[in-house]
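Have a look at the structure below before the remarks.
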């Protein structure tokens, strides 16, 4: 939702999966619509309708506005979220047309495997990740989504377009179709990053509680790491190969000359790092995602093929970059700044020297195991080149890391007495960020400037005593009043 709004989680309020974005929030789809573009979606999105807000506005889902609001102002090429069976989706219908006879072909074929004896096994069991999916590669989620994206591109002709091509994989369930399920072995994968100190008696209570989650317990077994990581890497390779098809289509259609391409991810995956599975905490392996940008203009030739390590500290997200390209400045909504100047060799001042991230852990069993009621379940991270500071609500102590001395983030310095001053300075950074969050979204800063100290122009003369600039006969001042109001008799 931060991608779609250009706003921090603490501003837009959609703090977790399946927490709807408020119907009052303005998204990238609306911004682009105002510039004459349509934002199309092929693949995955977590947009959920704000049912309470839509009911309040008497939007019953029977008109175009309701449909657009439900989908975050996306026009659907095809939507497939890939987290559970979607038996009524277009993908399920398509699979059935290809011979996968099932009420729920995603569960029965896409994320299921044939075991060694031919018995179908569930992909939800990570021990089965070593086997190929029961679906052919050409019918997999990644292939299907790519097909729909290519169809969309081919239908645009020379018209402008904006497409959010959003792949489900690599994501649990960790099941890959042949041949990608067997392309890699454990020795081809990055080694697991974990340290015994992370499980010692001084470990942060929240960190220990997270290590007790079922997914973490599973990934603490070497056999789970050696089974899942090669398949995960195969799923990444599959996305790479199908993106090659997209790039080839853009080349064939002559659209590389006028298409801005932004490639990134929303998070990483622990896969056993730090004795954890899944995501959500603040380690770099989860938080620090890659971003590749292709700007087709000649103005970007000066930086083409270069790397800017500072971008991870400078961008809130794409709407400012996309909007500058589409010529629709909407500064009252988003917190980010455009990357376009950086792409074209004129970064300007470095306006941010830290990154901030947020976590709502309301829905985790760790909260209940620690005895916290709802309402005491938030955390925020602020990270500079050297330090990482994590603040927890509910009275929990902070976590703190020296990334220069401990790039693996194994040794928590949250109680180190020699670093009290450094922790206080990082906490102050976080406070500064929090107090500058953008909550007002209905007027621009220019409008705010225009309205400043303008009450008298509106006929409001609050607090006057004297009538500037002159005086009445006798030296006494008289309060000013609108011309149409006669003075009361007793004041004459």
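Distance between the C-alpha centres of region 414-465 and region 270-301: 31 Å, rounded to the whole angstrom.
Considering only the Cα atoms of region 353-452, their convex hull presents on average a projected area of 9.2 nm². Over the chain, dividing the summed -39,500 (n - 2.57) contributions of all DSSP H runs of at least 4 residues by the number of residues returns a 222 nm mean residue ellipticity of -8000 deg cm²/dmol. A prolate overall shape is assigned to region 1-146, the ratio a/c of its alpha-carbon gyration tensor axes (a ≥ b ≥ c) being 1.5 or greater and a/b exceeding b/c. Using the alpha-carbon atoms, what tilt in degrees (0 to 90, nearest 10) does helix 141-155 show relative to the longest principal axis of the chain? Long axis of 141-155 versus the principal axis of the chain: about 60 degrees. Given the chain reduced to its alpha-carbon atoms as identical point scatterers, what log10 I(q)/I(0) does the Debye formula return at q = 0.11, 0.13 Å⁻¹? Evaluating at q = 0.11, 0.13 Å⁻¹ gives log10 I(q)/I(0) of -1.08, -1.47. Considering only beta bridges that DSSP places wholly inside the chain, some 70 percent are antiparallel.
Computed from Cα atoms, the angle from the helix 222-253 axis to the main principal axis of the chain rounds to 70 degrees. The slack between residue 16 and residue 393, meaning 0.36 nm per residue of separation minus the straight C-alpha distance, is 134.1 nm. Here the spin labels are modelled as points 7 Å beyond Cα on the Cα-Cβ line, and at residue 460 and residue 368 they lie 5.0 nm apart. Considering only C-alpha atoms, what is the centroid distance from region 96-118 to region 196-239, in Å? Distance between centres, Cα-based: 28 Å.
Our summary gives region 132-236 a relative contact order of 39 percent, counting only alpha carbon pairs under 8 angstrom and 6 or more residues apart. Evaluating kT/(6 pi eta Rh) at 10 °C and 1.306 mPa s, with the Kirkwood radius of region 227-285 over Cα pairs in the Stokes-Einstein relation, gives 113 µm² s⁻¹. Angle between the Cα long axis of helix 420-435 and the longest principal axis of the chain, 0 to 90 degrees, nearest 10? That helix lies at roughly 70 degrees to the long axis. Fully extending the segment from residue 104 to residue 223 would add 39.8 nm, taking 0.36 nm per residue of separation and subtracting the current Cα-Cα distance. What percent does the relative contact order of region 353-452 come to when contacts are Cα pairs within less than 8 Å and at least six residues apart? The normalised contact order for region 353-452 reaches 18 percent. Both numbers refer to the Cα atoms of region 178-250; Rg and Dmax are 17.0, 56 Å. Computed packing ranks the peptides 235-242, 161-168 as 161-168, 235-242, most packed first, by mean other Cβ atoms within 10 Å. Packing-based ranking of 77-85, 300-308 yields 77-85, 300-308, ordered from highest to lowest mean Cβ neighbour count within 10 Å.
In a fully extended conformation the segment linking residue 88 and residue 182 would gain 30.7 nm over its present Cα-Cα distance, using 0.36 nm per residue. For the peptides 417-426, 216-225, the ranking by packing is 216-225, 417-426, with the highest mean count of neighbouring Cβ atoms within 10 Å listed first.
None of the figures in this text is laboratory data; all of them are computed from the coordinates on show. Not measured: the values here are computed from a predicted model. Here Cβ is always computed from backbone atoms with ideal geometry, including for glycine, and neighbour counts include all displayed protein chains.
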